[in-house]
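K.L.:
A single structure is presented below for examination.
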Amino acid sequence: MKWLSPFAPLAVLVVSCAYTPAGTPAKKVAFALRAPGTNDLDWRVRAMVFRASEPPPPPPPEPTAASKRPGWAFDERTWMLLRGEQTGLVESALPGPDAGYVAVRGDFVSYSRRLLLSRPDLFGIRDPSQLVLDGTPDVADDGTTDVTFTQFVAGGRVLETGITVRIAKNRTLRAVNGSLRAIRRVPPATITAEQALVLARAVKTKTCGKFYPVSAELVVEQEGSTEYILNYNVDGATADGAAAARVNARTGEASFAGSTEFTMLGTYGEPQLPCP
């Protein structure tokens, strides 16, 4: 009766109340050692009893072929693989009811990286340098760990990417969620971030106002259906508030990207005259 240990004081109380003078036949006091029933406990203690009766999480399963080669885990007969309409790559992978446990071997970050790289047909990644760890793994209260990566190509962050590998407390693979891009190569940048800030100073707003650049980030953006280019996203300000500009990382061509103030209202349908 190992489960009685949290309620030892209650058991003692029952024993004390059931005490009888010496000489009483033993059969009449045998009930004094019984544990208090749930009817004797308040709702909080009952909740503790129910939690204690829950089975523990299953132990880590024995290594399988899918554990040794992580990509083997994604059997479309037992896993639900949801693909993005534009990329055709998997954006959500969840085990179905018939999927067995997939043990996670080694440290979580290394395993997650191997998992994504082992199936370029699903996630589009072949070059390990494109997977950059986003901060540190996030551990939830229930012990679940999320390992998140952001995709970088040619030194630039690929916009609208990020993927998370979720691992259960018992070291089994639970899910993969996110989005990556199948990018083989992007022509490298020919100008620096400092040069992009200088070029952005010449940008004019739609009302011919001045743009004051503050910082520049090298990013990879999609151009057309399959082409990708490097741009600098330049954050700054105008007389109306926060705004942004875009500078091509190869040609240096700069343009005003618009306001980043959510409270600003735009006027549509009015002709835009060229700035003097």
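The values are calculated or read from the model by the stated rules, or taken from the named source; none is laboratory data. On a predicted model such as this, the values are computed, not experimentally measured, just so you know. Ideal geometry is used to build each Cβ from the backbone, glycine not excepted, and the neighbour counts take in all protein chains shown.
K.L.:
Restricting segment 204-226 to residues that are at pLDDT 90 or above, farther than 14 Å from residue 246 by Cβ and within 37 Å of the chain's Cα centre (by Cα), which is surrounded by the most Cβ atoms within 10 Å (Cβ to Cβ)?
P.N.:
Checking each candidate, the answer is 212.
K.L.:
Kindly indicate the residue of segment 96-142 that is of a type outside the set (Ser, Thr, Tyr), under 15 Å from residue 174 (Cα atoms) and in contact (Cβ under 8 Å) with a residue 40 or more places away in the chain and also surrounded by the most Cβ atoms within 10 Å (Cβ to Cβ) among those meeting that condition.
P.N.:
In this case the residue turns out to be 116.
K.L.:
So in segment 85-133, with the set limited to residues that are more than 15 Å from residue 176 (Cα to Cα) and acidic (Asp, Glu), which one is nearest to the chain's Cα centre (by Cα)?
P.N.:
107
K.L.:
Give 126, 166, 185 a once-over and let me know the one that is part of a strand (DSSP E or B) and outside the structural domain of residue 253 (by TED's automatic domain parsing). Quick ask: steps written out before the conclusion?
P.N.:
Details: 126 fails: part of a strand (DSSP E or B); 185 fails: part of a strand (DSSP E or B).
Unique residue meeting the criteria: 166.
K.L.:
Going by the conditions given, is residue 109 out of contact with any His (no Cβ under 7 Å at 6 or more places or on another chain), assigned by TED's automatic domain parsing to the domain that holds residue 167, in a strand (DSSP E or B) and at pLDDT 90 or above?
P.N.:
Details: out of contact with any His (no Cβ under 7 Å at 6 or more places or on another chain): yes; assigned by TED's automatic domain parsing to the domain that holds residue 167: yes; in a strand (DSSP E or B): no; at pLDDT 90 or above: yes.
So residue 109 does not fit the description; no.
K.L.:
For segment 164-203, what are the residues that are crowded, with 17+ Cβ neighbours inside 10 Å and more than 21 Å from the chain's Cα centre (by Cα)?
P.N.:
Scanning segment 164-203 gives 183, 186, 189, 191, 196, 197, 199, 200, 203.
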